[in-house]
Amino acid sequence: MLRGVTATRYITPLREGGSLPGLVEGDDRGIYVMKFSGAGQGRKTLVAEVVCGELARRLGFRVPPLVTVDLDPVLGLGEPDQQVQELLKASGGLNLGMDFLSGAIGYDPLAFGIGPEEAGRIVWFDALVGNVDRSWRNPNLLMWHGDLWLIDHGATMIWHHNWPGAETSAARPYDASDHALLPFAPDVASAAAALAPLVTEELLAEVTAEIPDAWLAGEPGFDTPDALRRAYARPLLARAAVVHERINGIEEAR
Ligand SMILES: Nc1ncnc2c1ncn2[C@@H]1O[C@H](COP(=O)(O)OP(=O)(O)O)[C@@H](O)[C@H]1O
Ligand SMILES: [Mg+2]
């Protein structure tokens with residue numbers, strides 16, 4: 001399970017995001033970007049953040065540390081903004097927190113170029129998890145202390161919205177034609193050779209063990225949280241071996 005903190009203060013909403021994430025202080029004095037369990041897509045978005053964030057980290061990508069944030073909805077009572085107040089009220093219990101990278105700026109492909117190797121690794125990873133949220137319009141990449149950091153993996157693994165059709169859905173190709181890093185001639189073949197062998201059953205078990213039970217319990221068709229954890233691991237294991245051959249849009253961009 002992820003490390004847990006308790007929210008002591010709601011600081012401010014982060015207006016850039018579509019899901020209205022907010023800045024929250026934890027009882028460890030850390031400042032976290034919090035994604036609320038009561039927001040639109042609910043807990044599946046949070047599960048996706050954990051699975052993809054923790055997998056990416058183990059594959060060597062820079063991802064800010066993730067924690068669970070226990071929220072007492074009482075914190076929302078003093079919020080003047082109606083929308084924020086509703087969100088806090090609906091999000092009692094465990095939410096997702098990500099270390100706030102103070103001073104980070106949104107990555108701009110026109111301002112900062114990267115090499116085919118790093119671009120290839122990120123495109124390959126996004127293909128693995130089916131990330132539709134790394135477009136040039138909205139790259140969800142941050143520059144911090146001169147390095148590229150990956151954030152926002154909520155819109156991935158679309159197959160987890162329909163488990164009976166998950167195998168079919170996860171066999172589909174990845175459309176990279178909108179990807180923010182396409183201009184850098186991503187070398188996905190090298191990335192696949194280096195990263196695919198790392199995506200093992202053991203690694204995925206370790207990654208899915210980080211998901212809190214509370215976000216897995218009660219999923220129709222699954223008796224236990226662990227059964228659902230295995231369902232998260234399966235398509236990723238299958239995709240890791242083949243997904244580099246199923247990425248569309250890279251050749252066309254050349
Ligand atoms: N860990 C972080 N450190 C600094 N800024 C962040 C962090 N996470 C998110 N942000 C900022 O907040 C915005 C919204 O967060 P994001 O995770 O992309 O949420 P959404 O799902 O709403 O798009 C990001 O585009 C970025 O500007
Ligand atoms: Mg985003």
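The values are calculated or read from the model by the stated rules, or taken from the named source; none is laboratory data. Note that the coordinates shown come from a computational prediction; the quantities given were computed from them, not determined experimentally. Quick reminder, even Gly has a Cβ in these numbers, built from the backbone with ideal geometry, and neighbours come from all protein chains shown.
Odds and ends about this structure:
- Condition met for residue 56 (within 24 Å of residue 157 (Cα to Cα) and either in contact (Cβ under 8 Å) with a residue 24 or more places away in the chain or in the same structural domain as residue 185 (by TED's automatic domain parsing) (or both)): yes
- Residue satisfying all of: in segment 25-49; aliphatic (A, V, I, L, M) and within 16 Å of ligand 2 (Cβ to nearest atom); nearest to the chain's Cα centre (by Cα) among these: 48
- Meets criteria (more than 16 Å from ligand 2 (Cβ to nearest atom), in contact (Cβ under 8 Å) with a residue 12 or more places away in the chain and more than 19 Å from the chain's Cα centre (by Cα)) for residue 187: yes
- Among the residues listed as 171, 227, 191, 253, the single one being under 21 Å from residue 53 (Cβ atoms) and either in contact with a Lys or Arg (Cβ under 8 Å, 6 or more places away or on another chain) or among the small types (Gly, Ala, Ser) (or both): 191
- Contacts under 6 angstrom Cβ, first residue in segment 123-136 being closer than 11 Å to residue 181 by Cβ, partner part of a loop (DSSP other than H, G, I, E, B) and away from ligand 1 (no atom under 15 Å from the Cβ), 6 or more apart: 123/176; 123/181; 123/186; 135/178
- Taking segment 49-166 as the region of interest, the strands (runs of 3 or more DSSP E) fully inside it that hold 1 or more residues being touching a Cys at 6+ places or on another chain (Cβ under 9 Å) and not basic (Lys, Arg) are 147-150.
- Condition broken by residue 12, with the remaining ones in (1) hydroxyl-bearing (Ser, Thr, Tyr); (2) at pLDDT 95 or above; (3) outside any loop (DSSP other than H, G, I, E, B) satisfied: (2)
- Flag for residue 122 being surrounded by 18 or more Cβ atoms within 10 Å (Cβ to Cβ), near ligand 1 (Cβ under 10 Å from one of its atoms), closer than 26 Å to residue 194 by Cα and modelled with pLDDT of 95 or more: no
- Out of 176, 194, 214, sole residue that is in contact with a strand residue (DSSP E or B) (Cβ under 8 Å, 6 or more places away or on another chain), over 12 Å from residue 128 (Cα atoms), modelled with pLDDT of 95 or more and aliphatic (A, V, I, L, M): 214
- Residues considered: 156, 168, 200. Of these, the only one that is β-branched (Val, Ile, Thr), in the same structural domain as residue 233 (by TED's automatic domain parsing), modelled with pLDDT of 95 or more and surrounded by 20 or more Cβ atoms within 10 Å (Cβ to Cβ) is 156.
Every residue, every condition in (1) in the same structural domain as residue 214 (by TED's automatic domain parsing); (2) within 16 Å of ligand 2 (Cβ to nearest atom); (3) in contact with a Ser or Thr (Cβ under 9 Å, 6 or more places away or on another chain), yes or no:
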{"residue": "89", "(1), (2), (3)": "no, no, no"}
{"residue": "92", "(1), (2), (3)": "no, no, yes"}
{"residue": "113", "(1), (2), (3)": "yes, no, no"}
{"residue": "117", "(1), (2), (3)": "yes, no, yes"}
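- Among the residues making up segment 39-92, those that are charged (D, E, K, R) and either modelled with pLDDT of 95 or more or closer than 29 Å to residue 192 by Cβ (or both) are 44, 49, 54, 57, 58, 62, 70, 72.
- The condition (being more than 16 Å from ligand 1 (Cβ to nearest atom) and touching a helix residue (DSSP H, G or I) at 6+ places or on another chain (Cβ under 8 Å)) is satisfied by just one residue among 208, 168, 224: 208.
- Yes/no for residue 149 being surrounded by fewer than 22 Cβ atoms within 10 Å (Cβ to Cβ), within 12 Å of ligand 1 (Cβ to nearest atom) and touching a residue at least 60 places away in the same chain (Cβ under 8 Å): yes
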